[in-house]
C-alpha cells in the first residue's frame, strides 16, 4: 500500500544519478536487486554493503548518498538499531527496509524508527518495482497486508496546515522539527496532532502513518503561510 507524501518533488525528477546504498548480507539477493535496479531504475547509482560496518564506511566515502535499502537482519546489527545508527550518521537518507520478517510488529517498528517504506522479501518483482517507484516519487510504501480499507480521503476534513503537519509526521520528523519547519509553537503542533489522530481514529504517530497509507492519500507540498 502506498502514500504520496511529496518530499520536495520526489526523486524521479532528478536529472543526475542518485546514489543508493543496498545493505544485505545475502550476496545472491543483492545481485538480484542490483539487476532489477539497473534495468528498471537507471537513474540510481547502486552501492552495496554486506554488514552494518560496511554500510557506515560506504556512507563515510559517499556522504551524498540519498537512498538506503536496508535488511534489518545483519550479522552486526539487531532489529532497528542499525536503521537508527544509519539515520543518525546520515539524516538526509530516505530508508526503505527490505526484510524477510514482515510481521506487523517489525513493520511498525521500522516505520517508527524513520523508515519511508517496508518491502517484504517475499514480494514479487513487480511489487518491489512499484514500491521503489512510490518511494522515489516521494511517497511511503507499506505492505498491503498491514492496512485495511479506510474511509475516502475527502472525508477527513483536515486543514492545509494540519496536512502540512501530517506530511512531516509521515516523513519521520519529530515534533520539534515540525515546529521549526512550519514556524509553529509546540503547543500548536500538539493540537494539530490531536486533531489528526482523532480524525484518523488512531492513538500514535506510527498508527497515523499506517492509516494514511491505507487511505492512499496524496499529501500536498508545504503550504507556506497557511493557518
>> Among the residues in region 35-42, are any touching a strand residue (DSSP E or B) at 6+ places or on another chain (Cβ under 9 Å), in contact (Cβ under 8 Å) with a residue 24 or more places away in the chain and farther than 22 Å from residue 106 by Cβ?
In response: yes
>> Being crowded, with 16+ Cβ neighbours inside 10 Å and within 20 Å of the chain's Cα centre (by Cα): is that true of residue 69 here?
In response: yes
> If residue 174 passes every condition in (1) closer than 17 Å to residue 91 by Cα; (2) outside the structural domain of residue 37 (by TED's automatic domain parsing); (3) in contact with a helix residue (DSSP H, G or I) (Cβ under 8 Å, 6 or more places away or on another chain); (4) at pLDDT below 85 but one, which one does it miss?
Replying inline: (3)
>> Can you report the number of residues in region 76-125 which are under 20 Å from residue 43 (Cβ atoms), modelled with pLDDT of 85 or more and out of contact with any strand residue (DSSP E or B) (no Cβ under 7 Å at 6 or more places or on another chain)?
In response: 1
> What residue, among those in region 126-171 that are more than 23 Å from residue 201 (Cβ to Cβ) and touching a helix residue (DSSP H, G or I) at 6+ places or on another chain (Cβ under 6 Å), is modelled with the lowest pLDDT?
Replying inline: 137
>> For region 9-32, give me each residue that is at pLDDT 90 or above and assigned to a helix (DSSP H, G or I).
In response: 27, 28, 29, 30, 31, 32
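The values are calculated or read from the model by the stated rules, or taken from the named source; none is laboratory data. As the structure is a prediction and not an experimental result, all values here were calculated from the model. Because the Cβ atoms are built from the backbone with ideal geometry, glycine has one as well, and the counts that use them run over all protein chains shown.
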